[in-house]
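The values are calculated or read from the model by the stated rules, or taken from the named source; none is laboratory data. In this text the structure is predicted, and so the values were computed from the model without any measurement. FYI the Cβ positions are ideal-geometry reconstructions off the backbone, even for glycines, and counts take in every protein chain you see. With ligands, DNA and RNA removed, areas are computed over all heavy atoms of the protein, side chains included. Shrake-Rupley method; radii C 1.70, N 1.55, O 1.52, S 1.80 Å.
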Amino acid sequence: MKNRKLLMIPGPIEFEPEVLRAMGVQTPSHVAPNFIEVFGNCLDMMKKIWLSPSGQPFIVSGSGTLAMDMAAANLVELGDNALVISSGYFGDRFKDILDRYGANTTILSANIGEEVALDIIEQELKNRKYKLLTITHVDTSTGVLIDPEPIAALAKKYNVISVLDGVCSVAGEEIQQDKWGIDIVLTASQKAIGVPPGLALLVVSQKAIGIWKNRKTPVSNYYADWQNWLPIMKAYQERRPSYFGTPPVNLIIALEKSLSLILEEGIHNRINRHKKLASVFREAIQAIGLTILPKTETVAANTLTAIYYPEKIKSIDLLREMNNNDIIIAGGLHPQIKASYFRIGHMGSISENDMISTLSALERVFYKLNYKFELGKSLKVFERACIE
Ligand code: PMP
């Protein structure tokens, strides 16, 4: 389509046409037998994608922040100690949410572009008894990827509930919830899950459900309370009608399509596709002299890339010129360095061709803005790596 824009921000992403078509069906009743089947299928497929056969899935109308809010509202009681491991803006947001429910929150913040060292986390867990800890798998503000497995193992060792913010990672980065022993893995629909914004998705361990059941005080957030949602999820899992709040029926129909596509591709193949495309993209970007924000390859996310502007190029110019070339990219988000970098999302339906279009537009725009290098270099590196 002429003048069709390619959305290369870290969510919402480009959605598969089949998913968008599925959304356009005439809206059925939320208790119609065919919709009950769709909802139940979505819950069953989430357990497969999260690799958590023992977990309790939740699908609730709201954005990723609601998923974070739900984890905090249901697990925190006044005065509980919570530990936030932060590598950017979204880690910091978890502290705000936990504090709102009366937690005593300690935050361990990484230097920009780095991760918090495991021995620092362990020292903190030794020093104080924590009820829960949070990890941001990919902090979308920095493009930093954290390996949740060893942190979840530490949480287990010190008997702390682990919560993984997987908003920018589920179905794009490797997660094995049951095997790694993570209590909550949460996300939102608009990223690697591949469905327009509007769904908060969580899978919760039986241990975390047990801790919630044994609370001494009621959950102080009415909408987020699992008391309201758990019976609804169980009913859909058992293919029975039920009601608490009207579910976003069309989004859930689209979710069924997208989750089926993910399982058709195979979760491991999907993760590998993200890894391959992202590492080649980073190589191509660096080949034209640009610097990426994550300090090492190990902590570089595969769902988005954060890149520093070359000297003298301003955010507003790059974003505007890319838009004129029909590629939408995102500016910086981390408050301390917001104006010095930009972000390109590459998750979900992302293909080699999308990446090539983006690199080509970037090269042309940089040239126009007077940042010079060997024209075509990033494309050459990308294409060569793709055929090797
Ligand atoms: N956590 C992370 C890592 C995110 O990237 C985002 C959204 N960019 C959120 C939480 C919040 O999600 P939402 O915008 O859907 O509320």
Leaving out ligands, DNA and RNA but keeping every protein chain, what accessible area does Lys179 have, in Å² rounded to the nearest 10, with a 1.4 Å probe?
-> 150
What ranking of Asp225, Asp44 comes out by heavy-atom accessible area, probe 1.4 Å, highest first?
-> Asp44, Asp225
Any idea how far the Cα center of the stretch 354-388 sits from the one of the stretch 275-348, in Å?
-> 13
Computed P(r) (all Cα pairs; the stretch 267-387; 10 Å bins; percent) | 13, 48, 34, 5, 0
Of the listed links Lys126/Lys179; Lys48/Lys207; Lys156/Lys295; Lys48/Lys234; Lys95/Lys216, those spanning more than 27 angstrom between alpha carbons are Lys156/Lys295
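Per residue of the chain, what 222 nm ellipticity follows from adding -39500 (n - 2.57) for every DSSP H run with n ≥ 4, rounded to the nearest 500?
Values: 14 runs with 168 residues, N = 388.
Rounded to the nearest 500, it is -13500 deg cm²/dmol.
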Rounded to whole Hz, the Karplus (6.51, -1.76, 1.60) HN-Hα couplings of the stretch 236-248, x for glycine and proline = 5, 4, 8, 6, 10, x, 6, 8, 10, x, 4, x, x
Given a Förster distance of 41 Å, the FRET efficiency implied by the Cβ-Cβ spacing of Arg215 and Arg21, rounded to the nearest 0.05, works out to 0.45
For Gln237 paired with Leu261, estimate the spin-label separation in nm (one decimal), with each label point 7 Å from Cα along the Cα-to-Cβ line.
-> 2.7
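If you stretched the chain out fully between Glu77 and Lys312, how much longer would it get, using 0.36 nm times the residue separation minus the C-alpha to C-alpha distance? Don't skip to the answer; put the middle values down first.
On the way: separation 235, 0.36 × 235 = 84.60 nm, distance 4.95 nm.
Gain in length upon complete extension: 79.7 nm.
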Determine the dipole magnitude for the chain: charges of +1 sit on the beta-carbon of Lys and Arg, -1 on that of Asp and Glu, nothing else is charged, the reference point is the Cα centre, and the result goes in debye to the nearest 20.
-> 340
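For the chain, which whole-number percentage of the solvent-accessible area (1.4 Å probe, protein heavy atoms only) is attributable to carbon and sulfur atoms?
Values: 8370 of 16020 Å².
So the carbon and sulfur contribution to the accessible surface is 52 percent.
Could you give the size of the charge dipole of the stretch 267-387 about its Cα centre, using +1 on the Cβ of each K and R and -1 on the Cβ of each D and E, expressed in debye and rounded to the nearest 20?
On the way: 17 positive and 11 negative charges, 39 e Å.
For the stretch 267-387, the charge dipole is close to 180 debye.
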Order of 49-56, 260-267, 34-41 by packing, highest average Cβ count within 10 Å first?
-> 49-56, 34-41, 260-267
Just going by the charge dipole of the stretch 267-387, with Lys and Arg at +1 and Asp and Glu at -1 on Cβ, which of Leu359, Val381, Leu304 is farthest out on the positive end?
-> Leu304
Peptides ranked, highest mean first, by Cβ atoms within 10 Å: ranges 67-78, 88-99, 166-177 = 166-177, 67-78, 88-99
Excluding residues fewer than 8 positions from Lys213 in its own chain, the aspartates and glutamates with Cα under 19 Å of it are Asp69, Glu77, Asp80, Asp183, Asp225
Residues with beta-carbon under 9 Å from that of Ala287, excluding Ala287: net charge, scoring Lys, Arg +1 and Asp, Glu -1?
-> 0
Using a cut-off of 14 Å between alpha-carbon atoms, which aspartates and glutamates can reach Lys380, once sequence neighbours fewer than 8 places away in the same chain are excluded?
-> Glu283, Glu352, Glu363, Glu388
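For Thr291 and Ser279, compute 0.36 nm times the residue count separating them, minus their Cα-Cα distance, and round to one decimal in nm.
Values: separation 12, 0.36 × 12 = 4.32 nm, distance 1.38 nm.
Answer, rounded to one decimal: 2.9 nm.
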Could you let me know the centre-to-centre spacing of the stretch 104-170 and the stretch 27-92, using Cα atoms, in angstrom?
-> 19
Cβ-based charge dipole, the chain, positive-most Cα from Ser162, Asn228, Asn370 = Asn228
Might you report the magnitude of the Cβ-based charge dipole of the stretch 78-175 about its Cα centre, with Lys and Arg at +1 and Asp and Glu at -1, to the nearest 20 debye?
-> 540
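In µm²/s, what is D for the stretch 108-151 at 10 °C and 1.306 mPa s, where D = kT/(6 pi eta Rh) by Stokes-Einstein and Rh is the Kirkwood radius from Cα pairs? Intermediate values should be presented prior to the final figure.
On the way: Rh = 11.4 Å.
After rounding, the answer is 139 µm²/s.
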Choose one of Tyr130, Asn111, Gly181: the residue whose Cα lies farthest towards the positive end of the charge dipole of the stretch 72-201 (beta-carbon charges +1 Lys, Arg; -1 Asp, Glu; about the Cα centre).
-> Tyr130
Rg/Rh (Cα only; Kirkwood hydrodynamic radius) as it applies to the chain = 0.98
Sorted by average packing, counted as other Cβ atoms within 10 angstrom per residue and highest first, what order do 112-118, 280-286 take?
-> 280-286, 112-118
